[in-house]
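Chemist: Dumping the structure here so I can ask a few things about it.
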Amino acid sequence: MIKEIGSEYWLEEPNIQANTNIAVEYFFLGRMALKAIIIELKKQGLRTVLFPSYCCNSMLSPFLEESIEVFFYDVNYDTNEVIFDINLINDYDILFATNYFGYKKSDMNDFIGLFLRNNKVVIEDNTHSMFIKNDYSADYVFGSIRKWMPTIAGGAIFKSKNVMESDKGSPDIEYCMIKKKAMALKANYIKKGIGNKENFLSLYNQFNDYVDTENRILNIDDYSRRVFENLNVEVMINLRKRNASFLHKQLKKMEVDTLFELSEEDCPLFVPIMLRNKAERDNLRNRMIQNSIYCPVHWKKPKNCQSNIYDLELSLICDQRYDINDMKRIIKVIEGEIN
Ligand SMILES: Cc1ncc(COP(=O)(O)O)c(C=O)c1O
């Protein structure tokens, strides 16, 4: 059986090693942490946000649900760089800042400083920059934990200007057990070749459907919190850096464009490559799937968002589950497809 690369995490108990990246407050999902922050800011009378045009819908929807007026700043790709086009600082109450894929080069520290100096409120989404060294200067920092490791769910506020009293419900335990069962079945399938893929895929889907319809603010489940707090972060970071570094070197030789160059301080979530057009990106993605490699695309374009990144980007897998032989398989497919 060919080993699958990518997609949902399987069950893996953490090594007991305290993760120092401890949150101020945990939530079931990243979007719920953001919603708690927005509710707090609404109490202070804030009504408008300046938001990146390259984003995912789950970052945007909490603002829309809370009737905050959203204005976009352009985020576009230009030769190994992401360009932020931001002006008219005084026209908006809130700046929503973010980082892309765990590459330090896309941090928005200069803009964050500028907005803070103008007495604006800054929310930073650190979902992608969670494992980069950063003294967060934004007023509020939150992220989604579940993108990085085998948790059931997980989001958190990592920094908050003031103490917040979030009224949190409990997640549906039945759905949490469904996800945990899916992860256990996938672990058996990947590690021992036992079982049927359709079974765990349908369970993951059931959980994901539940998550997408849940818009209350919920607490994290105990299992996810335990995984996050006991993850050996250093090992994870080193494995990601090693895999990403290998991919970057090979991609350079093949003259495949990456969204960023890799630097020492980065901790990539994925290695984003940029293809010449959408057809080329989609063909490569499909070719990967035929080889049991599941690379996501970031993101499905939300309504009213414009950026040249959506159609061209493909996220190569580089996470801690994989070794250099797996990275070689990814490169081989790209070599066969791009010319
Ligand atoms: C950058 C970023 N922030 C926040 C979120 C929301 O996280 P969650 O899915 O845990 O609500 C996502 C989800 O894809 C994301 O990509």
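The values are calculated or read from the model by the stated rules, or taken from the named source; none is laboratory data. Treat the numbers as computed from the prediction; the structure is a model and nothing was measured. Cβ sites come from the backbone with ideal geometry, for glycine too, and all protein chains shown count toward neighbours.
Chemist: From (1) under 27 Å from Asn230 (Cβ atoms); (2) away from the ligand (no atom under 12 Å from the Cβ); (3) modelled with pLDDT of 95 or more, pick out the condition that doesn't hold for Gly102.
Modeler: Of (1) under 27 Å from Asn230 (Cβ atoms); (2) away from the ligand (no atom under 12 Å from the Cβ); (3) modelled with pLDDT of 95 or more, only one is false for Gly102: (2).
Chemist: Right, next: Mind checking which pairs have a first residue in segment 1-12 that is not assigned by TED's automatic domain parsing to the domain that holds Gln290 and a second that is in a loop (DSSP other than H, G, I, E, B) and of a type in the set (Phe, Trp, Tyr), Cβ under 7 Å, 6 or more apart or different chains?
Modeler: So the pair list comes out as Ile5/Tyr322.
Chemist: Within segment 248-268, is there a residue that is closer than 22 Å to Thr151 by Cβ and buried (at least 17 other Cβ atoms within 10 Å of the Cβ)?
Modeler: Narrowing segment 248-268 to residues closer than 22 Å to Thr151 by Cβ: 267-268.
Of the ones still in play, those that are also buried (at least 17 other Cβ atoms within 10 Å of the Cβ) are 267-268.
There is at least one residue in segment 248-268 that is closer than 22 Å to Thr151 by Cβ and buried (at least 17 other Cβ atoms within 10 Å of the Cβ).
Chemist: Which one of these does Glu261 not meet: (1) at pLDDT 95 or above; (2) in a helix (DSSP H, G or I); (3) more than 16 Å from the chain's Cα centre (by Cα)?
Modeler: If we test Glu261 against (1) at pLDDT 95 or above; (2) in a helix (DSSP H, G or I); (3) more than 16 Å from the chain's Cα centre (by Cα), just (2) comes out false.
Chemist: Go through segment 116-211 and tell me which strands (runs of 3 or more DSSP E), entirely inside it, have 2 or more residues that are of a type in the set (Asp, Glu) and within 14 Å of the ligand (Cβ to nearest atom). Break it down into steps so the answer makes sense when it comes.
Modeler: Details: elements: 121-125, 140-144, 155-159.
Answer list for segment 116-211: 121-125.
Chemist: Same structure again: Can you go through Gly169, Gly193 and tell me which one is in contact with a strand residue (DSSP E or B) (Cβ under 9 Å, 6 or more places away or on another chain) and loosely packed, with under 13 Cβ neighbours inside 10 Å? It would help to see each step written out before you state the result.
Modeler: Details: Gly193 fails: in contact with a strand residue (DSSP E or B) (Cβ under 9 Å, 6 or more places away or on another chain).
So the residue among Gly169, Gly193 that is in contact with a strand residue (DSSP E or B) (Cβ under 9 Å, 6 or more places away or on another chain) and loosely packed, with under 13 Cβ neighbours inside 10 Å is Gly169.
Chemist: Just for segment 192-241: of the residues that are of a type in the set (Lys, Arg) and under 19 Å from the mean Cα position of the chain (by Cα), which one is nearest to Ser263 (Cα to Cα)? Walk me through it before giving the result.
Modeler: Applying the first criterion (of a type in the set (Lys, Arg)) to segment 192-241 yields 192, 197, 216, 225-226, 240-241.
Still in the running and under 19 Å from the mean Cα position of the chain (by Cα): 225, 240-241.
Working: Arg225: 30, Arg240: 13, Lys241: 9 Å.
So the residue we want is Lys241.
Chemist: Of (1) away from the ligand (no atom under 12 Å from the Cβ); (2) surrounded by 13 or more Cβ atoms within 10 Å (Cβ to Cβ); (3) not hydroxyl-bearing (Ser, Thr, Tyr); (4) not in a helix (DSSP H, G or I), Arg216 satisfies all except one. Which?
Modeler: (2)
Chemist: Out of segment 274-300, which residues are surrounded by 14 or more Cβ atoms within 10 Å (Cβ to Cβ) and closer than 21 Å to Asn80 by Cα?
Modeler: Met274, Leu275, Glu280, Arg281, Asp282, Leu284, Arg285, Cys295, Pro296, Val297, His298, Trp299
Chemist: What is the number of the single condition among (1) in the same structural domain as Gln44 (by TED's automatic domain parsing); (2) modelled with pLDDT of 95 or more; (3) not acidic (Asp, Glu) that Tyr136 does not meet?
Modeler: Going through the list (1) in the same structural domain as Gln44 (by TED's automatic domain parsing); (2) modelled with pLDDT of 95 or more; (3) not acidic (Asp, Glu), Tyr136 breaks only (2).
Chemist: Could you please let me know if Gly45 is modelled with pLDDT of 95 or more, over 21 Å from the mean Cα position of the chain (by Cα) and not aliphatic (A, V, I, L, M)? Working first, answer last.
Modeler: On the way: modelled with pLDDT of 95 or more: yes; over 21 Å from the mean Cα position of the chain (by Cα): yes; not aliphatic (A, V, I, L, M): yes.
Taking the combined requirement at face value, the residue satisfies it.
Chemist: Here are Phe115, Phe84, Phe72: which of them is more than 17 Å from Leu259 (Cα to Cα), at pLDDT 95 or above, in contact with a Ser or Thr (Cβ under 9 Å, 6 or more places away or on another chain) and not aliphatic (A, V, I, L, M)? Give the steps one after another, and end with the answer.
Modeler: Working: Phe115 fails: in contact with a Ser or Thr (Cβ under 9 Å, 6 or more places away or on another chain); Phe84 fails: more than 17 Å from Leu259 (Cα to Cα).
Being more than 17 Å from Leu259 (Cα to Cα), at pLDDT 95 or above, in contact with a Ser or Thr (Cβ under 9 Å, 6 or more places away or on another chain) and not aliphatic (A, V, I, L, M) holds for just one of Phe115, Phe84, Phe72, which is Phe72.
Chemist: Oh, and also: Within segment 50-74, which residues are touching a strand residue (DSSP E or B) at 6+ places or on another chain (Cβ under 8 Å), away from the ligand (no atom under 12 Å from the Cβ) and touching a residue at least 60 places away in the same chain (Cβ under 8 Å)?
Modeler: Selection gives Ser53, Phe72, Asp74.
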